[in-house]
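Quick notes on the structure that follows.
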Amino acid sequence: MVNNWLDIIQNYLLPPTCILCGNQGQASRDICGPCMELLVTNPYCCYRCGIPFEHAPTGPVLCGDCQKRMPGFDETHAPFKHQSVIRFLISGLKFRRQFKNARLLGLLMADYLKISAEMPDCLVPVPLHPRRYRERGFNQSIEIARTLSRELAIPIDLDCCIRSRNTPHQIDLPAKERRKNMRNAFTVNGPLRFDHIAIIDDVMTTGTTVSELARALKKAGAARVDVWVCARA
């Protein structure tokens with residue numbers, strides 16, 4: 001009730017404004033209707049890793065890569081493709097400290113997850129290595145997770161695991177080298193208090209990072225680990 005009144009007061013005093021074009025936002029979101037239509041959704045995808053399919057499958061389907069090498073996580077929920085507007089919002093948050101983008105991305109994810117995902121016991125944002133955190137000054141996954149936690153009433157656990165190796169950037173590495181690069185990158189302070197965990201990240205490219213984190217969480221006692229990302233590359 002208190003949160004509802006706070007939202008009403010905030011929307012009255014500071015009505016939502018579209019981040020992208022400056023017009024009035026809709027549904028208490030900082031994005032307008034026409035810009036919402038520019039979002040590229042990801043309706044047909046592998047239920048395990050979220051990789052987009054060209055055509056609608058008949059029921060839950062695994063992609064070829066997941067059939068050959070099963071990832072460490074159980075399901076992926078990626079409402080958008082890493083294109084166009086979503087890519088702009090993520091890069092603005094990650095590289096230009098546009099923290100208002102994190103709130104919008106979290107709200108858009110929450111709208112999708114409320115009707116598509118089984119709710120976990122807690123949220124675990126992908127941790128940054130302390131050195132990387134000091135350089136950047138924030139963790140974009142944590143910023144997105146804060147909105148998800150508030151909207152979905154799910155606690156965040158920021159202490160259960162750490163990034164114990166400062167791994168090089170994955171962007172230019174092939175899949176095999178990515179797996180080698182991320183091996184034993186995370187340390188979990190187990191045993192865990194939660195059975196079902198959702199890992200939170202901004203974008204999934206190959207899934208190597210979240211797969212390694214999921215394996216570490218399961219080794220520490222988690223029964224199920226899902227991945228929630230804003231977008232799938």
If we keep only residues of the stretch 32-61 that are farther than 16 Å from MET109 by Cα and among the hydroxyl-bearing types (Ser, Thr, Tyr), then the residue nearest to the chain's Cα centre (by Cα) is TYR47
Some residue of the stretch 68-78 being open to solvent by 40 Å² or more (accessible area, probe 1.4 Å) and assigned to a helix (DSSP H, G or I):
yes
Out of ILE115, ILE144, ILE154, ILE171, which single residue is surrounded by fewer than 16 Cβ atoms within 10 Å (Cβ to Cβ), among the aliphatic types (A, V, I, L, M) and modelled with pLDDT of 90 or more?
ILE115
Inside the stretch 33-51, can you point out the residues that are touching a Leu at 6+ places or on another chain (Cβ under 6 Å) and surrounded by fewer than 21 Cβ atoms within 10 Å (Cβ to Cβ)?
CYS35
Search result, residues across the stretch 194-213 that are buried (at least 20 other Cβ atoms within 10 Å of the Cβ) and touching a Pro at 6+ places or on another chain (Cβ under 7 Å):
ILE197, ALA198, ILE200, GLY207, SER211
For the condition under 28 Å from ARG183 (Cα atoms), under 16 Å from the mean Cα position of the chain (by Cα) and small (Gly, Ala, Ser), what is the one hit in ALA78, ALA110, ALA102, ALA117?
ALA78
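The values are calculated or read from the model by the stated rules, or taken from the named source; none is laboratory data. Not measured: the values here are computed from a predicted model. As a convention, Cβ positions derive from the backbone with ideal geometry for all residues, glycine included, and neighbour counts pool all protein chains shown. Heads up: the accessible areas ignore ligands, DNA and RNA and are worked out on the full protein's heavy atoms, side chains in. Shrake-Rupley method; radii C 1.70, N 1.55, O 1.52, S 1.80 Å.
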